[in-house]
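Notes follow once the structure below has been shown.
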Amino acid sequence: MESAIAEHLKCPRTRHRRIEDDYVPPYPAWSARAADVVSQVVMGYFGVQSRGAEMQGRACAALAGIARSFGLPDGPGHHDLTHFVDADGFDNMIAIAYWNDPAPFARWCATSEVDDWWRSDQRLDEGLGYFREIVSPRLAHYETLFNTPDRFEGVGVVMGGASGDIQEHAYWGSMRDRIPLSQTDAMVPSGARAIVAPAQPGRRVHVAGHEHLAMIRSGQEWADTRGQERTLYVDEMEPVLREGMDFLRDQGLGIGCYSNRYMRHLDAAGAPLEKSFGLSFWRSLADLERWAESHPTHVAIFGGFMRYVQALNFQLQLRVYHEVSVLKTDEQRYEYVNCHPRTGLLNGLA
């Protein structure tokens, strides 16, 4: 068993973990490992927002164009296509892309095919909303967790490697303990979100993040489940998960959650896959921890999952994972074009 924190990211601790050195978790888990030369990654959420069946074709074409641009030189090492309907009834399709180095991302983003398309005035007149939410955490500022050592998701795909069985999981506080920065930093937030440009129809709106804003992507794939396990997931676990995701979407601002999306993966043809995840932005890691540890909606999710794994004697075909980042101000860029005022980091500001 090893630490979730890679050897080259370890340093003398000034802050303690929430476990003793002899702690043994009840089941195995793994973290993604990046090569020593990787110091920072890029996670890009490129969204298309539409409303009504008559706009679906145009929105799908826009998403397909974004996905094609990933094939340009310096494009991402991995991307996902996803969809969800938000609380205001808008369809949101998002292409999520990952780079293991900010330099190729910057070159890709600056190509005329990408930059000219994004800046074009045509984006203002198509009857669609667009957004780009780009975060680029340093390696010491995020963590990953998977219940299998293969078929990683999200940023884990571009990190290139896997840990052995790790110690810091299956207890409250393990998320923080897996982040290398937590060895010496409480990751207390400072500052506040702010709109850089007014949120008016037909306008481009930039939102500035703040120090130590937290972001989590937490997902599950049930394609390999069968029999009892599939029934348990579909009929018992997923409805409780959805209830928690809806709470964060609709009432999250009151507990520090700026935005939450419960998304379904799509294949290249736009058909839904048996994979989903929640993506949320939080004022702080502490706010996220408080919801996870004590709020009834997450206590229900956690309790349901524990009943699930115990009923199956910890032998799961369900794949679960998450990635958590605690972001510096200069690691965040949020841009919205023609989006409604509850979109992403605009929520509660516009």
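The values are calculated or read from the model by the stated rules, or taken from the named source; none is laboratory data. Values in this document were obtained by computation on a predicted structure and should not be read as measured data. As a convention, Cβ positions derive from the backbone with ideal geometry for all residues, glycine included, and neighbour counts pool all protein chains shown.
Residues of region 39-78 that are among the charged types (D, E, K, R), out of contact with any Phe, Trp or Tyr (no Cβ under 7 Å at 6 or more places or on another chain) and surrounded by 13 or more Cβ atoms within 10 Å (Cβ to Cβ): Arg58 alone.
For region 195-236, give me each residue that is of a type in the set (Gly, Ala, Ser) and either at positive phi or within 21 Å of the chain's Cα centre (by Cα) (or both). Give the steps one after another, and end with the answer.
As a first pass, look at region 195-236 and keep what is of a type in the set (Gly, Ala, Ser): 197, 199, 202, 208-209, 214, 218-219, 223, 227.
Matches in region 195-236: Gly202, Ala208, Gly209, Ala214, Ser218, Gly219, Ala223, Gly227.
Just checking, does region 15-29 include any residue being surrounded by 22 or more Cβ atoms within 10 Å (Cβ to Cβ) and either closer than 28 Å to Ala268 by Cβ or at pLDDT 95 or above (or both)? So far as region 15-29 goes, yes, one or more of its residues are surrounded by 22 or more Cβ atoms within 10 Å (Cβ to Cβ) and either closer than 28 Å to Ala268 by Cβ or at pLDDT 95 or above (or both).
Of all residue pairs spaced 6 or more apart or on separate chains, those with beta-carbon atoms under 7 Å, a first member in region 103-119 that is within 8 Å of Asp74 (Cβ to Cβ) and a second member that is among the small types (Gly, Ala, Ser) and surrounded by 14 or more Cβ atoms within 10 Å (Cβ to Cβ) are Trp108/Gly75.
Taking region 241-252 only, how many residues are loosely packed, with under 15 Cβ neighbours inside 10 Å and not polar (S, T, N, Q)?
Residues of region 241-252 loosely packed, with under 15 Cβ neighbours inside 10 Å: 242-243, 250-251.
Subsequent filtering for residues that are not polar (S, T, N, Q) retains 242-243, 250.
The number of residues fulfilling the criteria is 3.
Identify all residues within region 269-316 that are of a type in the set (A, V, I, L, M) and surrounded by fewer than 14 Cβ atoms within 10 Å (Cβ to Cβ); write none if there are none. Residues satisfying the conditions are Ala269, Ala271, Met306, Ala311. Residue pairs whose Cβ atoms lie under 6 Å apart, separated by 6 or more positions or on different chains, with the first residue in region 237-256 and on the phi > 0 side of the Ramachandran plot and the second modelled with pLDDT of 95 or more, are Gly256/Trp282; Gly256/Arg283; Gly256/Asp287. Considering region 39-73, and only residues there that are in a loop (DSSP other than H, G, I, E, B) and in contact with a strand residue (DSSP E or B) (Cβ under 8 Å, 6 or more places away or on another chain), the residue that is farthest from Val337 (Cα to Cα) turns out to be Ser39.
Hey, which of the helices (runs of 4 or more DSSP H) in region 108-186, taking only ones fully inside, have at least 3 residues that are over 21 Å from Val324 (Cα atoms) and more than 20 Å from the chain's Cα centre (by Cα)?
Values: elements: 112-119, 155-159, 174-178.
Fully inside region 108-186 and qualifying: 112-119.
Screening Ala186, Ala197, Ala192 for residues that are small (Gly, Ala, Ser) and either at pLDDT below 95 or in contact with a Pro (Cβ under 7 Å, 6 or more places away or on another chain) (or both) leaves exactly one candidate, Ala197. Consider region 171-189 and keep the residues that are aliphatic (A, V, I, L, M) and surrounded by fewer than 16 Cβ atoms within 10 Å (Cβ to Cβ). The one that is farthest from Ala140 (Cα to Cα) is Val188. Looking at region 80-97, is at least one residue farther than 21 Å from Tyr262 by Cβ, surrounded by 18 or more Cβ atoms within 10 Å (Cβ to Cβ), touching a residue at least 60 places away in the same chain (Cβ under 8 Å) and not hydroxyl-bearing (Ser, Thr, Tyr)? The answer is no; no qualifying residue exists.
Given the options Asp177, Asp88, Asp125, name the one that is under 19 Å from Arg58 (Cβ atoms) and either polar (S, T, N, Q) or touching a Lys or Arg at 6+ places or on another chain (Cβ under 8 Å) (or both). Lay out the reasoning, then the answer.
On the way: Asp177 fails: under 19 Å from Arg58 (Cβ atoms); Asp125 fails: either polar (S, T, N, Q) or touching a Lys or Arg at 6+ places or on another chain (Cβ under 8 Å) (or both).
Answer to the selection: Asp88.
Residues in region 200-240 that are among the hydroxyl-bearing types (Ser, Thr, Tyr) and surrounded by 13 or more Cβ atoms within 10 Å (Cβ to Cβ) were compared, and the one that is modelled with the lowest pLDDT is Tyr233. Take the conditions (1) assigned to a loop (DSSP other than H, G, I, E, B); (2) touching an Asp or Glu at 6+ places or on another chain (Cβ under 9 Å); (3) within 24 Å of His206 (Cβ to Cβ); (4) of a type in the set (A, V, I, L, M); Leu345 misses just one of them, which is (1).
The C-beta contact set for region 67-78 (first residue within 19 Å of Met159 (Cα to Cα), second residue among the β-branched types (Val, Ile, Thr) and crowded, with 18+ Cβ neighbours inside 10 Å, distance under 6 angstrom, 6+ apart or interchain) comprises Gly77/Val158; His78/Val158.
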